[in-house]
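The structure appears right after this line, and notes come after that.
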Amino acid sequence: MTGTPDDLRRTVDEAAARLRAWPAAAVERRPAPGRWSPKEIIGHLVDSASNNHQRFVRAQFRDDLRFDGYEQDDWVQVQCYASAPWDELLDLWQSYNRHLARIMAATPAAALRANRDDHNLHQIAWEIVPAGEPATLEYFMRDYVEHLKHHLRQIDPQLAPAPTPQRASRNTS
């Protein structure tokens, strides 16, 4: 897989370095009632990495892209990300994503590019793929990185480059 693993590593490493310098008050402040603080956003991104880790591995042994979702707000609350030590949270997030980048880079081209008609990316992807339209694992991996960047831009627009006008295609046929 070209580009996406390097993009993920670079984005995470640059964001982590920048975020480490933020004062506690800045990472704990919620922008509005009911919205996540930067700490909680990074915690959500740890959860996203955890869920997608399993999805990316399992998809290499299956003909479908059907995966369970998860209750994002509940996960953030139950895991107490708001009170987690900032450096530990950043270390976990950065390490987990470096691992995902290795998985992405090692995924065989046939598994990446196989069109999967059976999927639920209309329910779990950040940029949905309509039901009945084929999708690829490669698309789903790129979608993961774009989701991560979206949340980094919520924390600080300088943490991740703006998306390119043309997103990656959903399939390669």
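The values are calculated or read from the model by the stated rules, or taken from the named source; none is laboratory data. What you see is a predicted model; the values in this text were computed from it and never measured. Because the Cβ atoms are built from the backbone with ideal geometry, glycine has one as well, and the counts that use them run over all protein chains shown. Side chains included, ligands, DNA and RNA excluded: accessible areas come from the protein's heavy atoms. Shrake-Rupley method; radii C 1.70, N 1.55, O 1.52, S 1.80 Å.
With the crude spin-label approximation of a point 7 Å out along Cα→Cβ, what separation in nm comes out for ASP74 versus ARG102?
3.2
Could you check how much of the accessible area of the chain is carbon and sulfur, as a whole percent, using a 1.4 Å probe? Could you put the intermediate results ahead of the total?
Working: 4370 of 8800 Å².
That share works out to 50 percent.
Quick one: if you stick a label point 7 Å off each Cα along the C-beta vector at ARG58 and ALA111, how many nm between them?
A separation of 1.4 nm, rounded to one decimal place.
So who's got an amide H within less than 5 Å of the one on LEU65, skipping anything under 5 residues away but keeping other chains? H placed 1.01 Å off N, in plane.
Long-range HN contacts for LEU65: ASP118, HIS119, ASN120.
Cα centroids of the stretch 103-159 and the stretch 2-52: how far apart, whole angstrom?
With the stretch 103-159 and the stretch 2-52 each reduced to a Cα centre, they are spaced 18 Å.
With label points built 7 Å along Cα→Cβ from the Cα atoms of ILE128 and ARG30, find their separation and express it in nm.
Each label point lies 7 Å from its Cα, and together they span 2.7 nm.
If you put +1 on each Lys and Arg Cβ and -1 on each Asp and Glu Cβ, how big is the dipole of the stretch 16-173 around its Cα centre, in Debye rounded to 20?
Details: 19 positive and 20 negative charges, 102 e Å.
So the dipole magnitude of the stretch 16-173 works out to roughly 500 debye.
Taking θ as phi - 60°, what are the ³J(HN,Hα) couplings along the stretch 115-128 by the Karplus curve (6.51, -1.76, 1.60), each to the nearest whole Hz, with x for Gly and Pro?
Residue by residue, the stretch 115-128 yields 5, 10, 6, 9, 8, 10, 6, 6, 10, 10, 6, 5, 9, 5 Hz.
In whole Å, largest first, what are the principal axis extents of the Cα atoms in the stretch 1-46?
In descending order, the Cα extents are 40, 23, 14 Å.
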